[in-house]
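What follows is a short report on a single structure.
What follows draws every value from the coordinates through simple rules; no lab data is involved. Quantities reported herein were computed from a predicted structural model and do not represent experimental measurements. Counting neighbours? That spans all protein chains shown, and the Cβs are built from the backbone with ideal geometry, glycine included.
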Amino acid sequence: MPPEFEGIRVRMAPSPTGPLHVGTARTSLYNHLLARHTGGTYVLRIEDTDRARSTVEHERDIIDNLHWLGITWDEGPQVAGGDDIGPFGPYRQSQRAELYAAEVQRLLDAGSAYRCYCTPEELEAVHLEQEHRHEPPRYSGRCRDLTDVARAELEAAGRRAAIRFRVPAEVVRFSDLVRGEVEFDNALLGDFVIVRADGAPLYNFVVVVDDAAMHISHVIRGEDHLSNTPKQIAVLRALGYREPVFGHIPLILNPDRSKMSKRKSQTSITAYREQGYLPEAMVNFLAFLGWSPGTEEEVFTLPELADRFEIEHVHKAGAVFDLARLDYLNGVYIRSLTDEQLALRLRPFLPAALEDRTVLAMAPLVKERLVRLGDVTGLVGFLFESDATVATWYEAAELHPKGRGAQDAEQALNRLQAAIEPLPDADWAADLLETRAREVAAEMAWKPGDLFKPLRVAITGRTVSPPLFGSMELLGRDRCMARIDDALRKLEAEPVSASPATDR
RNA sequence: GCCCCCAUCGUCUAGAGGCCUAGGACGCCACCCUUUCAAGGUGGAGAUCACCGGUUCGAAUCCGGUUGGGGGCACCA
């Protein structure tokens with residue numbers, strides 16, 4: 001089947017040596033967008049050749065989070081343990097050993113690869129020497145042209161061989177989708193190892209074999225792979241494969257403009273997910289790290305992105321991961337949710353004991369105040385914490401109305417209490433409560449805000465809260481009255497010396 | 001050290017030779033709205049387009065160099 005009849009085939013090749021990384025997610029997203037935009041095929045391949053560092057937990061995390069982001073693929077490993085999906089499986093490198101062995105043999109037979117008996121210690125010594133002489137660190141070529149006799153001796157001595165690729169000394173040029181014409185002089189490269197002495201095939205070899213076997217037409221990956229490309233082109237030529245189109249997208253950066261790392265930034269998608277970032281916001285944000293539609297629009301759903309995405313419009317320079325901007329976008333997406341949708345998304349962040357109807361009722365109160373879903377507990381903690389706990393959240397002085405003292409606070413609470421206490425449960429609603437409270441304010445000739453403050457602190461335990469009367473409606477009559485009593489008691493216990501000016 | 005890549009407000013970016021006295025967004029500041037906080041509205045500060053030299057009637061846009069930054073140089077991926 002000639003590749004030209006298959007359309008664009010792209011792949012994502014995560015390595016399960018850690019949880020899904022922000023950079024991997026973005027690369028994955030760009031590949032997905034390219035496939036969807038062009039009606040091509042998207043392949044997921046798990047690069048688990050590093051058996052020491054790969055774990056099933058990480059693979060699980062990667063796949064779960066890709067799903068969470070809404071990134072779908074057409075071919076890939078079967079997650080639930082059944083068969084792989086697609087005609088070019090298996091899609092885990094750990095299951096493709098046979099192919100690798102066959103291709104290594106072809107390279108060996110053609111003289112494009114050879115056995116190397118140098119030990120890691122010997123190699124290390126050479127590198128040190130090269131460093132001293134300010135020479136580029138590369139393989140010396142000691143085993144490059146071993147005679148059969150020499151080889152036999154080394155093997156008799158019990159030496160295990162790694163297999164090195166014989167790099168042709170030539171200039172390699174390719175046209176990069178985002179960077180244009182790029183050229184490297186492979187004469188500067190040393191012969192690199194493609195199969196370790198323990199028999200494990202290595203990255204720069206297996207990617208090439210798999211990309212060819214899976215008919216990958218476009219290799220879109222991070223810029224950190226740019227310098228691997230000439231090596232891979234050399235291997236692919238030796239194997240007689242068709243050359244894919246390469247595209248190296250810019251890196252995502254730490255605030256100091258170095259490559260985004262765990263050390264300096266939050267890099268795992270799971271961590272953002274757990275804080276309550278929406279996948280829609282994350283996808284939108286990630287897409288704009290290195291790309292823009294060329295217009296001033298900036299809020300896009302995944303299908304809209306796929307519709308607009310052009311790989312040619314991807315930037316060359318790296319982009320700093322700006323958390324403030326992610327926060328903003330997350331707020332935009334949260335506000336665009338209906339109350340029902342928001343309640344559903346909030347559910348996992350709230351105590352199970354909280355009733356669904358309460359969660360739904362609180363949605364409009366918190367919607368425009370949430371940056372992350374996880375912030376909800378800080379906003380409505382007063383609803384599910386006990387009256388006693390809430391009372392510990394504030395000092396008596398915080399009950400004082402602006403510019404006033406304890407006596408005023410007490411008076412305010414007493415009058416408010418008298419005004420709302422007679423309300424039956426059936427009338428315990430935000431609008432009525434507000435009407436009563438405003439009447440009290442008018443009677444006392446206070447600004448409403450000054451009067452509401454002690455009440456807010458008494459009810460929610462904080463000086464900053466969701467809308468007061470809606471909060472009271474949610475809390476219910478009995479608990480509100482109890483909390484006003486608690487506040488009054490706190491005022492009584494307060495040392496008289498407390499100054500009215502301390503409440504700012 | 002060697003190789004490669006990159007360079008527009010603090011950040012993400014628009015910009016494909018004249019539409020640019022460089023536009024938008026985030027962030028920041030002020031004001032308005034307002035029961036707090038948000039959200040929203042209005043306005044503002046913020047970039048001699050890294051620098052130097054070409055090409056051109058004309059350059060943020062093209063070319064060269066410099067500087068700065070980044071990435072890569074494994075029996076990791």
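Quick notes on this one:
- Spatial separation of Cα centroids for region A:73-149 and region A:1-57, in angstrom: 21
- With the charge dipole of chain A set up from +1 on Lys and Arg Cβ and -1 on Asp and Glu Cβ about the Cα centre, the Cα lying farthest toward the positive end among the listed residues A:Ala437, A:Ala102, A:Thr147 is that of A:Thr147.
- Calculated FRET value between A:Arg138 and A:Asp356, using beta carbons and R₀ = 60 Å, to 0.05: 0.40
- Taking one quarter of the surface of the C-alpha convex hull of region A:366-504 gives a mean projected area of 8.2 nm².
- For the peptides A:281-290, A:175-184, A:65-74, the ranking by packing is A:281-290, A:65-74, A:175-184, with the highest mean count of neighbouring Cβ atoms within 10 Å listed first.
- By the count of neighbouring beta-carbon atoms within 10 Å, fewest first, A:Lys490, A:Lys367, A:Lys264 end up ordered A:Lys264, A:Lys367, A:Lys490.
- Restricting attention to chain A, close to 50% of DSSP beta bridges with both partner residues there are antiparallel.
- As a length-normalised measure over Cα pairs under 8 Å and 6 or more apart, the relative contact order of chain A settles at 12 percent.
- Dimensions of region A:375-421 along the principal axes, based on C-alpha atoms and rounded to the nearest Å, stand at 32, 25, 18, largest first.
- Cβ crowding within 10 Å, taken as a proxy for footprinting-reagent exposure, orders A:Ile85, A:Ile311 from fewest neighbours to most as A:Ile85, A:Ile311.
- Hull-based mean projected area of region A:278-327, where the convex hull spans the alpha carbons, in square nanometres: 3.6
- Here the sum of -39500 (n - 2.57) over DSSP H runs of 4 or more residues, divided by the residues of chain A, equals -13500 deg cm²/dmol at 222 nm, to the nearest 500.
- Electrostatic bookkeeping for A:Ala361 treats Lys and Arg as +1 and Asp and Glu as -1; over the other residues with beta carbon under 14 Å from its beta carbon, the sum is -2.
- Dipole magnitude of chain A about its Cα centre (Cβ charges: Lys, Arg +1; Asp, Glu -1), debye to nearest 20: 780
- Reducing region A:477-495 and region A:207-243 to their Cα centroids gives an inter-centroid distance of 71 Å.
- Magnitude of the charge dipole for region A:96-249, about its Cα centre and with charges confined to Cβ atoms of Lys, Arg (+1) and Asp, Glu (-1), is about 280 debye.
- For chain A, pairs of C-alpha atoms spaced more than 43 angstrom apart make up 40 percent of the total.
- Cα gyration tensor category, rounded, prolate or oblate, for region A:217-366 with a/c compared to 1.5: prolate
- Shape call, region A:109-178: gyration tensor on alpha carbons, a/c limit 1.5: oblate
- Residue-count net charge about A:Pro77 - beta-carbon cut-off 11 Å; Lys, Arg +1, Asp, Glu -1: -3
- Here the peptides A:297-310, A:194-207 are ranked by packing, the mean other Cβ count within 10 Å, and the order with the highest first is A:194-207, A:297-310.
- Cα gyration tensor shape for region A:96-249, rounded if a/c is under 1.5, else prolate or oblate: oblate
- Footprinting exposure proxy ranking of A:Val209, A:Val126, fewest other C-beta atoms within 10 angstrom first, gives A:Val126, A:Val209.
- Using the Cβ of A:Leu128 as centre and a radius below 14 Å, the other residues enclosed give a net charge of -4, where K and R count +1 and D and E count -1.
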